[in-house]
Amino acid sequence: MSAARVMVVDDHPVVRDGVALLLRGDPSLVVVGAAESGRTALERAAGLRPDLVLLDLRLPDMLAPEVVAGLRDVCPAARVVVFTAHGDHHGIQAALDAGAHGCLVKDAAATDLVAALRAVLRGERVVDSRMLPAGEATASALERSGLTRREYEVLRLAAQGRTNPEIAEFTGLTRNTVKTYLQSALHKLGARNRVEAIGKASEAGLL
């Protein structure tokens, strides 16, 4: 089997070089290119045709969810793993909701990183347990409510007082898509409006 093609997107050269060094010892993964910004990543991805993109959560020019959405357009077959040094739960969840296939912490040892990337390439979703401490409770509450992760994310942002345009900007979704997810969440929760939906979601242990 040929080696999986990996692209590293991070604005710090030391991180880009470090990942390349970590993966060099594994013949199943080969770093084919790198980018220091979201826009550069989207420009280069089409030509590099990566199987997997390791994406920094905090880039200087674009939000991670925007880059994830863009990558899905230019190389839909690529799997995207968010790589972060921060426990920024909202940012991580937004990236996952935009279509990222996993999230890893930058202090992952070489063996952990390789194992996680292989798992993602096999089709698994890998999220470091330190990133989403309340993940299990939320997951079971989501299952009971019937809400999808995206519906939940949109509702959670609405509960923070964000408007539909703000939610669209934050998640990288279109305004119409945000509206659709909200309406679907209302329907599933048996709520007539936003306020009622937020109340019901809170009672269900989701917020």
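A few remarks follow.
- Unmet criterion (only one of (1) in contact (Cβ under 8 Å) with a residue 24 or more places away in the chain; (2) out of contact with any Ser or Thr (no Cβ under 9 Å at 6 or more places or on another chain)) for LEU21: (1)
- Filter result for THR163 (at pLDDT 80 or above, open to solvent by 50 Å² or more (accessible area, probe 1.4 Å) and not assigned by TED's automatic domain parsing to the domain that holds LEU21): yes
- Pairs linking a residue in region 179-207 that is over 17 Å from PRO165 (Cα atoms) to a residue that is among the polar types (S, T, N, Q), with Cβ atoms under 6 Å and 6 or more positions apart or on different chains, are ALA204/SER145.
- Pick from region 12-28, criterion of a type in the set (A, V, I, L, M, F, W, C) and within 20 Å of LEU59 (Cβ to Cβ), ranking: surrounded by the most Cβ atoms within 10 Å (Cβ to Cβ): VAL19
- Every test in (1) loosely packed, with under 13 Cβ neighbours inside 10 Å; (2) within 24 Å of the chain's Cα centre (by Cα) is passed by GLY190 save one, and that test is (2).
- Of all the residues in region 74-87, those that are in contact (Cβ under 8 Å) with a residue 12 or more places away in the chain and surrounded by fewer than 17 Cβ atoms within 10 Å (Cβ to Cβ) number 5.
- Region 52-70 residues that are closer than 13 Å to GLY99 by Cβ, paired with ones that are of a type in the set (Lys, Arg) (beta carbon under 9 Å, 6 or more apart): VAL53/ARG79; ALA64/ARG58; VAL67/ARG39; GLY70/ARG39
- When each of ALA137, ALA110 is tested for being of a type outside the set (Ser, Thr, Tyr), modelled with pLDDT under 90, more than 27 Å from GLU43 (Cα to Cα) and open to solvent by 50 Å² or more (accessible area, probe 1.4 Å), the lone residue that passes is ALA137.
- Selected residue (criterion: nearest to the chain's Cα centre (by Cα)) from residues of region 32-61 that are surrounded by fewer than 20 Cβ atoms within 10 Å (Cβ to Cβ) and outside any helix (DSSP H, G or I): ARG58
The values are calculated or read from the model by the stated rules, or taken from the named source; none is laboratory data. Source: prediction; values computed, not measured. Positions of Cβ are generated from backbone atoms using ideal geometry, with glycine treated the same way; all protein chains shown enter the neighbour counts. What goes into the accessible areas is simple: the full protein's heavy atoms, side chains included, and nothing from ligands, DNA or RNA. Shrake-Rupley method; radii C 1.70, N 1.55, O 1.52, S 1.80 Å.
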